[in-house]
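The values are calculated or read from the model by the stated rules, or taken from the named source; none is laboratory data. Treat the numbers as computed from the prediction; the structure is a model and nothing was measured. Every residue, glycine among them, receives a Cβ derived from its backbone with ideal geometry; neighbour counts consider all protein chains shown. Remember, those area values only see protein heavy atoms, side chains included, never the ligands or the DNA or RNA. Shrake-Rupley method; radii C 1.70, N 1.55, O 1.52, S 1.80 Å.
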Amino acid sequence: MLYRLILANWARDRGVKPSVIEKDLSDEDLRRLNQLGYNCYTILNSSSTFAPGLSEEGKPRYLEGADIDTFAYIFVDMDLKDGTYDSKEQFIGFINDFKVFKPTAIVDSGNGVHAYWAISDLNAESFVRLQRRLCRFFNTDPTVCTIYRLMRVPGTFNVKDEHNF
(Lines give C-alpha, C1' and ligand atoms only; values in the text may rest on other atoms or scores of the structure.)
Protein backbone atom coordinates (compact mmCIF):
# COMPACT_ATOMS: atom_id res chain seq x y z
CA MET A 1 0.00 0.00 0.00
CA LEU A 2 1.23 3.47 -0.83
CA TYR A 3 1.46 5.87 2.10
CA ARG A 4 1.89 9.62 2.31
CA LEU A 5 3.52 10.79 5.52
CA ILE A 6 3.36 14.49 6.34
CA LEU A 7 5.63 15.90 9.00
CA ALA A 8 4.02 17.81 11.87
CA ASN A 9 5.19 21.41 12.32
CA TRP A 10 6.74 20.70 15.73
CA ALA A 11 8.94 17.95 14.22
CA ARG A 12 9.88 20.18 11.27
CA ASP A 13 10.97 22.85 13.76
CA ARG A 14 13.30 20.26 15.31
CA GLY A 15 14.99 19.63 11.99
CA VAL A 16 13.36 16.31 11.07
CA LYS A 17 13.45 15.80 7.29
CA PRO A 18 12.00 15.28 4.76
CA SER A 19 8.69 17.06 5.25
CA VAL A 20 6.82 14.51 3.09
CA ILE A 21 7.47 10.81 2.48
CA GLU A 22 5.50 8.98 -0.21
CA LYS A 23 6.14 5.27 -0.59
CA ASP A 24 5.22 1.77 0.45
CA LEU A 25 6.35 1.09 4.04
CA SER A 26 6.40 -1.82 6.43
CA ASP A 27 4.17 -1.64 9.50
CA GLU A 28 7.31 -1.26 11.63
CA ASP A 29 8.61 1.69 9.57
CA LEU A 30 5.16 3.29 9.59
CA ARG A 31 4.99 3.14 13.40
CA ARG A 32 8.56 4.41 13.79
CA LEU A 33 8.00 7.39 11.48
CA ASN A 34 4.65 8.15 13.13
CA GLN A 35 6.47 8.41 16.50
CA LEU A 36 9.06 10.76 14.92
CA GLY A 37 6.30 13.22 14.03
CA TYR A 38 4.82 12.07 10.73
CA ASN A 39 1.05 11.95 10.26
CA CYS A 40 0.35 8.83 8.19
CA TYR A 41 -2.21 8.82 5.39
CA THR A 42 -3.24 6.62 2.50
CA ILE A 43 -5.67 6.65 -0.40
CA LEU A 44 -8.18 3.86 0.10
CA ASN A 45 -9.45 3.72 -3.46
CA SER A 46 -7.23 2.87 -6.41
CA SER A 47 -6.72 2.63 -10.15
CA SER A 48 -7.42 -0.44 -12.24
CA THR A 49 -4.81 0.59 -14.82
CA PHE A 50 -2.24 2.88 -13.19
CA ALA A 51 0.29 1.54 -10.73
CA PRO A 52 2.31 4.10 -8.76
CA GLY A 53 6.01 3.79 -9.38
CA LEU A 54 8.94 5.67 -10.85
CA SER A 55 8.79 7.95 -13.85
CA GLU A 56 11.29 7.70 -16.68
CA GLU A 57 13.36 10.31 -14.81
CA GLY A 58 13.39 8.11 -11.70
CA LYS A 59 11.01 10.35 -9.75
CA PRO A 60 8.00 8.90 -7.86
CA ARG A 61 4.64 8.91 -9.68
CA TYR A 62 1.48 8.78 -7.61
CA LEU A 63 -2.21 8.50 -8.22
CA GLU A 64 -4.18 11.57 -9.10
CA GLY A 65 -7.95 11.92 -8.88
CA ALA A 66 -8.38 11.18 -12.58
CA ASP A 67 -6.52 7.84 -12.12
CA ILE A 68 -8.88 6.52 -9.44
CA ASP A 69 -11.58 4.27 -10.84
CA THR A 70 -11.77 1.38 -8.37
CA PHE A 71 -13.75 2.20 -5.25
CA ALA A 72 -13.38 -0.13 -2.27
CA TYR A 73 -14.57 2.24 0.47
CA ILE A 74 -16.84 5.15 1.22
CA PHE A 75 -16.26 7.06 4.43
CA VAL A 76 -17.12 10.02 6.63
CA ASP A 77 -14.87 12.21 8.77
CA MET A 78 -16.29 13.77 11.94
CA ASP A 79 -14.17 16.43 13.67
CA LEU A 80 -15.08 17.43 17.21
CA LYS A 81 -13.94 21.00 16.51
CA ASP A 82 -16.92 21.41 14.16
CA GLY A 83 -19.23 21.20 17.20
CA THR A 84 -21.86 19.03 15.51
CA TYR A 85 -21.42 16.21 18.02
CA ASP A 86 -20.71 16.57 21.73
CA SER A 87 -18.36 13.58 21.83
CA LYS A 88 -16.83 10.80 19.80
CA GLU A 89 -19.11 8.38 21.63
CA GLN A 90 -22.22 10.30 20.54
CA PHE A 91 -21.12 10.13 16.90
CA ILE A 92 -20.21 6.42 17.13
CA GLY A 93 -23.64 5.74 18.61
CA PHE A 94 -25.28 7.58 15.72
CA ILE A 95 -23.18 5.62 13.20
CA ASN A 96 -24.04 2.30 14.89
CA ASP A 97 -27.75 3.18 14.86
CA PHE A 98 -27.63 3.73 11.08
CA LYS A 99 -30.16 1.19 9.79
CA VAL A 100 -29.09 1.07 6.13
CA PHE A 101 -25.76 -0.73 6.68
CA LYS A 102 -23.22 -1.12 9.46
CA PRO A 103 -19.73 0.36 9.07
CA THR A 104 -16.84 -1.90 8.18
CA ALA A 105 -14.55 0.07 10.51
CA ILE A 106 -14.73 2.98 12.93
CA VAL A 107 -11.40 4.68 13.62
CA ASP A 108 -10.48 7.27 16.26
CA SER A 109 -8.62 9.88 14.20
CA GLY A 110 -7.33 11.87 17.16
CA ASN A 111 -9.60 14.90 16.98
CA GLY A 112 -12.57 13.00 15.67
CA VAL A 113 -13.78 9.76 14.15
CA HIS A 114 -13.65 8.21 10.69
CA ALA A 115 -16.24 5.62 9.67
CA TYR A 116 -15.65 3.34 6.67
CA TRP A 117 -17.94 1.10 4.65
CA ALA A 118 -16.58 -1.47 2.20
CA ILE A 119 -18.32 -1.15 -1.15
CA SER A 120 -18.15 -2.42 -4.71
CA ASP A 121 -19.60 -1.69 -8.12
CA LEU A 122 -19.48 2.10 -7.92
CA ASN A 123 -18.23 4.36 -10.67
CA ALA A 124 -16.73 7.78 -9.90
CA GLU A 125 -20.02 9.65 -10.19
CA SER A 126 -21.84 7.21 -7.91
CA PHE A 127 -18.99 7.34 -5.40
CA VAL A 128 -19.17 11.14 -5.16
CA ARG A 129 -22.97 11.15 -4.93
CA LEU A 130 -22.99 8.53 -2.15
CA GLN A 131 -20.20 10.33 -0.27
CA ARG A 132 -22.18 13.58 -0.41
CA ARG A 133 -25.32 11.87 0.85
CA LEU A 134 -23.46 10.29 3.77
CA CYS A 135 -21.83 13.60 4.69
CA ARG A 136 -25.18 15.38 4.64
CA PHE A 137 -26.91 12.61 6.61
CA PHE A 138 -24.22 12.47 9.32
CA ASN A 139 -23.43 16.21 9.08
CA THR A 140 -19.71 15.55 8.69
CA ASP A 141 -16.79 17.10 6.81
CA PRO A 142 -17.78 17.44 3.12
CA THR A 143 -14.15 17.53 1.90
CA VAL A 144 -14.13 13.69 1.86
CA CYS A 145 -16.40 13.87 -1.19
CA THR A 146 -13.46 14.33 -3.52
CA ILE A 147 -12.20 11.26 -5.34
CA TYR A 148 -8.57 11.86 -4.32
CA ARG A 149 -8.81 11.83 -0.53
CA LEU A 150 -6.07 11.03 1.94
CA MET A 151 -7.31 9.35 5.10
CA ARG A 152 -5.37 8.60 8.28
CA VAL A 153 -3.94 5.10 8.41
CA PRO A 154 -5.82 3.10 11.07
CA GLY A 155 -3.57 2.29 14.00
CA THR A 156 -1.43 5.41 13.63
CA PHE A 157 -1.54 8.50 15.80
CA ASN A 158 -2.56 12.01 14.89
CA VAL A 159 0.69 13.78 15.88
CA LYS A 160 -0.22 17.36 14.98
CA ASP A 161 -0.05 18.28 18.68
CA GLU A 162 3.29 17.15 20.10
CA HIS A 163 1.80 16.79 23.58
CA ASN A 164 -1.38 14.96 22.58
CA PHE A 165 -0.82 12.01 20.23
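Percent of Cα-Cα pairs per 5 Å bin, from 0 to the last occupied bin, for segment 46-165, please list those.
2, 10, 18, 21, 18, 13, 10, 5, 2, 1, 0
Leaving out ligands, DNA and RNA, and with a 1.4 Å probe, what % of the accessible surface on segment 1-160 is carbon or sulfur? Write out the running numbers ahead of the final one.
Values: 4620 of 9170 Å².
C and S atoms contribute 50 percent here.
Efficiency by 1/(1 + (r/R0)^6): what FRET value for SER26 and ASP108, r their Cβ-Cβ distance, R0 = 22 Å, to the nearest 0.05?
With R0 = 22 Å, the Cβ-Cβ based efficiency is 0.45.
Work out which helices of the chain, taken as complete DSSP H runs, extend at least 20 Å along their axis over the Cα atoms and score a mean Kyte-Doolittle of -0.5 or more, then list them.
Correct list, ordered by number: 124-138.
May I ask you to give the solvent-accessible area per residue for segment 14-165, in square angstrom, as obtained with a 1.4 angstrom probe?
59 Å²
Would you please name the chymotrypsin sites (Phe, Trp or Tyr not before Pro) within segment 78-127 that are DSSP coil residues with at most 12 other C-beta atoms within 10 Å of their C-beta?
Values: sites: TYR85, PHE91, PHE94, PHE98, PHE101, TYR116, TRP117, PHE127; in loops: TYR85, PHE98, PHE101.
Passing sites in segment 78-127 are PHE101.
How much length would be gained if the chain were fully extended between SER19 and GLU162, taking 0.36 nm per residue of separation minus their Cα-Cα distance, in nm to one decimal?
Here the segment from SER19 to GLU162 would lengthen by 49.9 nm.
Rounded, prolate or oblate: pick one for segment 1-94, where a ≥ b ≥ c are the square roots of the eigenvalues of its C-alpha gyration tensor, a/c under 1.5 means rounded, and failing that, prolate if a/b is larger than b/c, else oblate.
Because a/c hits 1.5 or more and a/b fails to exceed b/c, segment 1-94 counts as oblate.
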